[in-house]
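Student: Please see the structure below; I have some questions.
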């Protein structure tokens, strides 16, 4: 099994799946970890689409052992069954997405929470710290929305939001504008040492 987890850019993902189809063994499952692109949009250059699926893990949240599994529309029943058989062996709890969707079950619910959290701050109603404290106090969550976005990476969050906005009319622009302001300052989250929070250690340069 090969899992694609490159940036949320359709052109890059299409090329990657063409390369994987050519280079991977014929019996290998090809999966995407994309949270906002269904795999049906990635398989133009794939000669055997029956082995392609979407297995979405929750990047930036290492303590979460959930994976959502979605067909590309041509995924064979054998591949889906194999994934549900094998994923638990790696400590993962799989959930089946019954119909292809732009965004997974949890992602679509999370997107609404994330977007409204950003809007509250963009409008000056509150701060990231207060939103997170309220979220944790009311729901008993380990982290609030802004800590989670810092873990994921604000550039990744923005890419996903831009994609949703392109296909779903009426999504407000203010949350994306707030993300852009932080990104323009080099505040990408944990990976840059600063995001909505500034208490992260700077990453050592790659040698």
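Student: If I go through region 176-193 residue by residue, how many of them are closer than 17 Å to residue 121 by Cβ and more than 17 Å from the chain's Cα centre (by Cα)?
Tutor: Qualifying residue count, region 176-193: 9.
Student: Just checking, how many residues over region 119-153 are part of a helix (DSSP H, G or I), surrounded by fewer than 17 Cβ atoms within 10 Å (Cβ to Cβ) and in contact with a helix residue (DSSP H, G or I) (Cβ under 7 Å, 6 or more places away or on another chain)?
Tutor: 1
Student: Next question. Can you tell me which residue in region 1-14 is surrounded by the most Cβ atoms within 10 Å (Cβ to Cβ), limited to those that are without any contact (Cβ under 8 Å) to a residue 12 or more places away in the chain and in a helix (DSSP H, G or I)? Break it down into steps so the answer makes sense when it comes.
Tutor: Pass one, region 1-14, residues without any contact (Cβ under 8 Å) to a residue 12 or more places away in the chain: 6, 11-12.
Pick out the ones that are also in a helix (DSSP H, G or I) and you get 11-12.
Working: 11: 7, 12: 13.
Looking at the filtered set, the residue picked out is 12.
Student: Among (1) in contact with a strand residue (DSSP E or B) (Cβ under 9 Å, 6 or more places away or on another chain); (2) in a helix (DSSP H, G or I); (3) more than 24 Å from residue 57 (Cβ to Cβ), which single condition is residue 187 missing?
Tutor: Only one criterion in (1) in contact with a strand residue (DSSP E or B) (Cβ under 9 Å, 6 or more places away or on another chain); (2) in a helix (DSSP H, G or I); (3) more than 24 Å from residue 57 (Cβ to Cβ) is unmet by residue 187, namely (2).
Student: Sticking with this one: Quick one: is residue 114 under 17 Å from the mean Cα position of the chain (by Cα) and surrounded by fewer than 19 Cβ atoms within 10 Å (Cβ to Cβ)?
Tutor: Taking the combined requirement at face value, the residue does not satisfy it.
Student: Given (1) out of contact with any helix residue (DSSP H, G or I) (no Cβ under 6 Å at 6 or more places or on another chain); (2) closer than 23 Å to residue 193 by Cα; (3) surrounded by 15 or more Cβ atoms within 10 Å (Cβ to Cβ); (4) without any contact (Cβ under 8 Å) to a residue 40 or more places away in the chain, identify the lone condition not met by residue 156.
Tutor: All conditions pass for residue 156, except number (4).
Each row is one residue, and each column tells you yes or no for (1) without any contact (Cβ under 8 Å) to a residue 60 or more places away in the chain; (2) under 21 Å from residue 64 (Cβ atoms); (3) touching a strand residue (DSSP E or B) at 6+ places or on another chain (Cβ under 7 Å).
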{"position": "123", "(1), (2), (3)": "yes, no, no"}
{"position": "130", "(1), (2), (3)": "yes, no, no"}
{"position": "139", "(1), (2), (3)": "yes, yes, no"}
{"position": "144", "(1), (2), (3)": "yes, yes, no"}
{"position": "150", "(1), (2), (3)": "yes, yes, yes"}
{"position": "160", "(1), (2), (3)": "no, yes, no"}
{"position": "167", "(1), (2), (3)": "no, no, no"}
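Student: On to the next question. Just a yes or no: is a residue in region 86-96 in contact (Cβ under 8 Å) with a residue 24 or more places away in the chain and in a loop (DSSP other than H, G, I, E, B)?
Tutor: Yes; the residues of region 86-96 include at least one that is in contact (Cβ under 8 Å) with a residue 24 or more places away in the chain and in a loop (DSSP other than H, G, I, E, B).
Read the figures in this text as sums done on the coordinates, not as results from a lab. This one's a predicted model, so the numbers in the text were calculated from it and none came from an experiment. Backbone-built Cβ (ideal geometry, glycine too); neighbour counts: all protein chains shown.
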